[in-house]
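Remarks on the structure that follows.
The values are calculated or read from the model by the stated rules, or taken from the named source; none is laboratory data. On a predicted model such as this, the values are computed, not experimentally measured, just so you know. Heads up, the Cβs are rebuilt from the backbone with ideal geometry, glycines too, and the neighbour counts pull from every protein chain shown. We work out accessible area using only protein heavy atoms, side chains counted, and drop any ligands, DNA or RNA first. Shrake-Rupley method; radii C 1.70, N 1.55, O 1.52, S 1.80 Å.
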Amino acid sequence: MLDKPNTMSSFWMPFTANRDFLREPRMIHSAEWMYYTSSDGRQIMDGTAGLWCVNAGHRDPLIVEAVQKQVHELDYAPNFQFAHPQAFELSGKLTAMMPEGMSHAFFTNSGSESVDTALKIALHYHRMRGDSARTRLIGRERGYHGTGFGGISVGGIVKNRMHFGTLLTGVDHMRHTHDLDRNAFSRGCPAHGAELADDLERIVALHDASTIAAVIVEPMAGSTGVLLPPNGYLQRLREICDHHGILLIFDEVITAFGRLGAATAAEYFGVKPDIITTAKGLTNGVIPMGAVIVSDDIYNSAMENADAPIELFHGYTYSANPVSCAAALAALESYEQNDLFRRAALLSQPWEDQLHSLKGLPNVIDIRNLGLVGAIELAPREGAPGARAYEAMKRAWDAGIMIRVTGDIIALSPPLIISEPEIIKLVQTLGEVLAELP
Ligand code: PXG
């Protein structure tokens, strides 16, 4: 079948240069721990944990066996007006990992659904409290919150928005925090830019706080090229939200479950939002699942103020699907047993040192790192933005490493099980690719 690439066009691939891919497919056959095996039998190191989700590495037996066992026992059960014990067990374990006072989880099937759910819960919260003029949702330029209409509306990536009509109304955006002039080659969070949080005050001055329901940000913007929060930025955002009665949503689809060396970015930065969205690492990527964790105030308010027996008219057929729950319970167990969040924290220093050794290679205009996340920003080719990094991705695949690119930024986020020698191998291989890249 691979000999006839035109027969493969029945699969319209997501976020992919489909026509180019069909000419030169990169096919994956199997995976184990840190490595994929390509269809042509090569070992490819996973430098991205799939799409930021395989935190415990591939085919962790704990998760594989839990899924197998569950599917034999209870394959599906509805959670509308019925339930099964795994959903309660998981919500207990999950919320125990969240900041104090955030002890309620609503289950979804993806990050995009988690974002839509969080935005809806925010609107619902104000309405239930009789503050129903608070309907505006504030996102940020260069934010990525998935691909639902809610997510692309509060998101700030022009290509994800421009083709899809008028989106949600009543949405505004703060400025992004990416500032190479002041912060290039920072190690960890950049020193400059906390004052950009004050952009929320500008929006408040324009619309009045009484019309604003919530602000949503990625504590660390992953998808748009690893944009790190300036020191003090998130704290300031929290203060401004508190001052104006605006809910703060952290989209932790990437950062939850150890990516920064803590269970959540909220814990890592010591800033508590009102709502946290998760997905990806919740099941180690094995089965689609997301969760929205809300403050006790939000949950209690819904329970106390509901205007009907059903407190929230929202949910999905597969909310807390038993097999997803089993995968998530096993993934959380694996993270704990192997102390993976602490491992990520301990590895973050050698990771930083290795990444910054690439400074000085041709076209490298910035290197960024936090936890086990890294980014290398390349100068764009004249008149062809994105082309240089795209070529790097293809060459890296040929050289035996999987990297992700967005625009001219290379993003790295290996499984948290990576060893120091593997970090060296990953970065060295990337260095060789960059050294040769026109
Ligand atoms: N929020 C954030 C912060 C994300 O990073 C989503 C929501 C949407 O999740 P779903 O499960 O609906 O895809 C994401 C997803 C990349 C990349 O290359 C990032 C994501 C997805 C695919 C690729 O950086 N993030």
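Any residue at all in the stretch 278-285 that is within 30 Å of Gly232 (Cβ to Cβ) and in contact with a Pro (Cβ under 9 Å, 6 or more places away or on another chain)? So far as the stretch 278-285 goes, yes, one or more of its residues are within 30 Å of Gly232 (Cβ to Cβ) and in contact with a Pro (Cβ under 9 Å, 6 or more places away or on another chain).
Scoring Thr264 on the criteria (1) within 11 Å of the ligand (Cβ to nearest atom); (2) buried (at least 24 other Cβ atoms within 10 Å of the Cβ); (3) not aliphatic (A, V, I, L, M) leaves a single failure, condition (1). Against the conditions (1) open to solvent by 50 Å² or more (accessible area, probe 1.4 Å); (2) outside the structural domain of Ile246 (by TED's automatic domain parsing), Pro85 satisfies every one except (2). Among the residues making up the stretch 364-395, those that are of a type outside the set (D, E, K, R) and in contact (Cβ under 8 Å) with a residue 60 or more places away in the chain are Val364, Ile365, Ile367, Asn369, Leu370, Gly371, Leu372, Val373, Gly374, Ala375, Tyr390. Within the stretch 226-239, being more than 15 Å from the ligand (Cβ to nearest atom) and either touching a Cys at 6+ places or on another chain (Cβ under 7 Å) or open to solvent by less than 10 Å² (accessible area, probe 1.4 Å) (or both) holds for Pro230, Asn231, Tyr233, Leu237. Counting the residues of the stretch 374-402 that are outside any helix (DSSP H, G or I) and in contact with a strand residue (DSSP E or B) (Cβ under 6 Å, 6 or more places away or on another chain) gives 8.
Could you grab me the full set of residues in the stretch 347-363 that are of a type outside the set (Ser, Thr, Tyr), in contact (Cβ under 8 Å) with a residue 24 or more places away in the chain and closer than 14 Å to Leu434 by Cβ? Full working, then the answer.
The initial filter retains those residues of the stretch 347-363 that are of a type outside the set (Ser, Thr, Tyr), namely 347, 349-356, 358-363.
Still in the list and also in contact (Cβ under 8 Å) with a residue 24 or more places away in the chain: 347, 350-352, 354-356, 358-359, 361-363.
Within the stretch 347-363, Gln354, Leu355, His356, Leu358, Lys359, Leu361, Pro362, Asn363 meet the criteria.
Among the residues of the stretch 411-426, is there at least one that is more than 29 Å from Thr37 (Cβ to Cβ), in the same structural domain as Leu51 (by TED's automatic domain parsing), within 16 Å of the ligand (Cβ to nearest atom) and touching a helix residue (DSSP H, G or I) at 6+ places or on another chain (Cβ under 8 Å)?
No: the stretch 411-426 contains no residue that is more than 29 Å from Thr37 (Cβ to Cβ), in the same structural domain as Leu51 (by TED's automatic domain parsing), within 16 Å of the ligand (Cβ to nearest atom) and touching a helix residue (DSSP H, G or I) at 6+ places or on another chain (Cβ under 8 Å).
The condition (being closer than 19 Å to Thr48 by Cβ and open to solvent by 60 Å² or more (accessible area, probe 1.4 Å)) is satisfied by just one residue among Ile310, Ile409, Ile424, Ile401: Ile424. Counting only helices (runs of 4 or more DSSP H) that fall entirely inside the stretch 133-200 and contain at least 3 residues that are touching a residue at least 12 places away in the same chain (Cβ under 8 Å), the qualifying elements are 149-154.
Yes or no, residue by residue, for (1) outside the structural domain of Ile403 (by TED's automatic domain parsing); (2) on the phi < 0 side of the Ramachandran plot:
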{"position": "Thr16", "(1), (2)": "no, yes"}
{"position": "Arg42", "(1), (2)": "no, yes"}
{"position": "Gln70", "(1), (2)": "yes, yes"}
{"position": "Gln81", "(1), (2)": "yes, no"}
{"position": "Gly92", "(1), (2)": "yes, yes"}
{"position": "Phe107", "(1), (2)": "yes, yes"}
{"position": "Ser112", "(1), (2)": "yes, yes"}
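Residues of the stretch 96-120 that are away from the ligand (no atom under 16 Å from the Cβ) and buried (at least 17 other Cβ atoms within 10 Å of the Cβ): Met97, Met98, Pro99, Met102, Ser103, His104, Ala105. Among the criteria (1) of a type in the set (Asp, Glu); (2) open to solvent by 20 Å² or more (accessible area, probe 1.4 Å); (3) within 16 Å of the ligand (Cβ to nearest atom), the one Asp251 does not fulfil is (2).
Tell me which residues, restricted to the stretch 198-224, are among the acidic types (Asp, Glu) and at negative phi. Before you say what the answer is, go through the steps one by one.
The first filter runs over the stretch 198-224 and keeps only residues among the acidic types (Asp, Glu), leaving 198-199, 201, 208, 218.
Asp198, Asp199, Glu201, Glu218 - these are the residues of the stretch 198-224 that are among the acidic types (Asp, Glu) and at negative phi.
Annotation: of all residues in the stretch 121-158 being open to solvent by 20 Å² or more (accessible area, probe 1.4 Å) and among the β-branched types (Val, Ile, Thr), the one that is nearest to the ligand (Cβ to nearest atom) is Thr147.
Quick one: in the stretch 268-292, which of the residues that are within 16 Å of Arg343 (Cβ to Cβ) and part of a helix (DSSP H, G or I) is farthest from the ligand (Cβ to nearest atom)?
Within the stretch 268-292, the match that is farthest from the ligand (Cβ to nearest atom) is Tyr268.
All told, Ala49 meets the bar of being closer than 26 Å to Gly222 by Cα, touching a residue at least 24 places away in the same chain (Cβ under 8 Å), surrounded by 18 or more Cβ atoms within 10 Å (Cβ to Cβ) and of a type outside the set (S, T, N, Q).
A single member of Phe11, Phe21, Phe15 is of a type in the set (Phe, Trp, Tyr), over 21 Å from the mean Cα position of the chain (by Cα) and within 16 Å of the ligand (Cβ to nearest atom), and it is Phe21.
Only a single criterion out of (1) more than 20 Å from the chain's Cα centre (by Cα); (2) part of a helix (DSSP H, G or I) is not satisfied by Ala308, namely (2).
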